[in-house]
Amino acid sequence: MRDDVAAVRAALLEIGITRVVSVTGEASEEERRAAVRALRKDGERRPKADVAVGTSAFGLGIDVPDVRAVVHACLPESIDRYYQEVGRAGRDGRTALGLLVTCPEDEKTALAVGTEILIGPDLARERWKALESAAQADGTDPRLLWVPLT
């Protein structure tokens, strides 16, 4: 999947779309923060990036309210996952687009990563408390908290 992210990013750059960030599950916490900062409008400053390319792991904890489109260049492993990921667009209440671009080979990948894992409410609550206690305030927006994904 990392190779796919790199290929999509390269294709975008090749056609002149240069304000692009990319994030995969292997990205460090600082790389994630930098990607989100690049996508966010800061006061009168417009975002430094217009496009983010990432694996499904990119969406974890990402809350950029004015996303206009989410394009899936592969088949998500479930309709629930697709719904969650496409829901990243239009959080500001304005019109947004969800587009799924897939090929037959994607089904094999989706099935391979789509193994259901349940953590249950007790473990989920424990993890939530750990995330909350590790959260750090962002220096640019006091409403924004950064949570280490380690």
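General remarks:
Results for (1) part of a helix (DSSP H, G or I); (2) not small (G, A, S), shown as yes or no for each residue.
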| position | (1), (2) |
| --- | --- |
| D80 | yes, yes |
| Y83 | yes, yes |
| R94 | no, yes |
| T102 | no, yes |
| A110 | yes, no |
| L123 | yes, yes |
| K129 | yes, yes |
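- Under the condition of being out of contact with any Pro (no Cβ under 7 Å at 6 or more places or on another chain), within 22 Å of D4 (Cβ to Cβ) and either at pLDDT below 80 or open to solvent by less than 50 Å² (accessible area, probe 1.4 Å) (or both), the residues counted in the stretch 85-121 number 12.
- Out of T150, T140, sole residue that is touching a helix residue (DSSP H, G or I) at 6+ places or on another chain (Cβ under 8 Å) and over 22 Å from G25 (Cα atoms): T140
- Number of the condition not met by A38 [criteria: (1) hydrophobic (A, V, I, L, M, F, W, C); (2) open to solvent by less than 50 Å² (accessible area, probe 1.4 Å); (3) at pLDDT below 85]: (3)
- When the residues of the stretch 11-35 are filtered to those that are surrounded by fewer than 17 Cβ atoms within 10 Å (Cβ to Cβ) and basic (K, R), the one that is farthest from Q136 (Cα to Cα) is R19.
- Residue in the stretch 43-64 that is surrounded by the fewest Cβ atoms within 10 Å (Cβ to Cβ), counting only those that are at pLDDT 80 or above and within 13 Å of the chain's Cα centre (by Cα): V51
- Filter result (under 16 Å from D50 (Cα atoms), part of a helix (DSSP H, G or I) and either touching a residue at least 60 places away in the same chain (Cβ under 8 Å) or under 15 Å from the mean Cα position of the chain (by Cα) (or both)) within the stretch 6-36: V8, R9, R32, R33, A34, A35, V36
The values are calculated or read from the model by the stated rules, or taken from the named source; none is laboratory data. Please read all numbers here as calculations on a predicted model, not as lab measurements. Ideal geometry is used to build each Cβ from the backbone, glycine not excepted, and the neighbour counts take in all protein chains shown. With ligands, DNA and RNA removed, areas are computed over all heavy atoms of the protein, side chains included. Shrake-Rupley method; radii C 1.70, N 1.55, O 1.52, S 1.80 Å.
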